[in-house]
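A quick write-up on the structure given underneath.
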Amino acid sequence: MLLDCGIKLKNNLYLLGLYTCVVLICKYCRNYTVNLILSAYIVKAKNEGIAVETHIDLPENTAVADMDLCVIFANALENAVNACKRIPSAIDRTLKIVCKTKGNKPHPNHQ
């Protein structure tokens with residue numbers, strides 16, 4: 001089982017082009033796929049000097065397909081990290097990632 005998870009993790013990150021970015025997978029929520037995306041982009045943000053705050057209330061299974069969650073989160077976080085990098089003052093570079101569920105459907109928000 002552990003080997004399967006490791007292979008799945010490596011394959012998912014490789015497909016997303018993020019494999020070399022991730023040093024450690026942290027648990028931000030119960031959804032495995034979203035954790036992969038969050039871990040990769042949070043590491044990327046922190047490496048760019050961006051402070052990150054998270055509040056992710058996402059169950060293991062949602063009404064949204066994992067691939068769709070990947071696309072939604074990866075796109076939003078990539079755009080947010082790029083926008084934060086353009087802020088001249090390092091002290092003002094903060095990324096807040098919030099995701100709440102309503103009726104088993106995620107409602108992501110980033111600021």
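Of the residues making up segment 25-63, those that are surrounded by fewer than 17 Cβ atoms within 10 Å (Cβ to Cβ), aliphatic (A, V, I, L, M) and over 25 Å from Ile91 (Cα atoms) number 2. Scan segment 80-99 for residues that are touching a residue at least 24 places away in the same chain (Cβ under 8 Å) and surrounded by 13 or more Cβ atoms within 10 Å (Cβ to Cβ) and jot them down. Residues satisfying the conditions are Ala80, Val81, Cys84, Lys85, Arg93, Thr94, Leu95, Lys96, Ile97, Val98, Cys99. Going by the conditions given, is Cys21 at pLDDT below 85, of a type outside the set (S, T, N, Q), surrounded by 11 or more Cβ atoms within 10 Å (Cβ to Cβ) and touching a Lys or Arg at 6+ places or on another chain (Cβ under 6 Å)? When the stated conditions are applied, Cys21 passes them.
The values are calculated or read from the model by the stated rules, or taken from the named source; none is laboratory data. Every value quoted in this text rests on a predicted model; they were computed, and no experiment measured them. Heads up, the Cβs are rebuilt from the backbone with ideal geometry, glycines too, and the neighbour counts pull from every protein chain shown.
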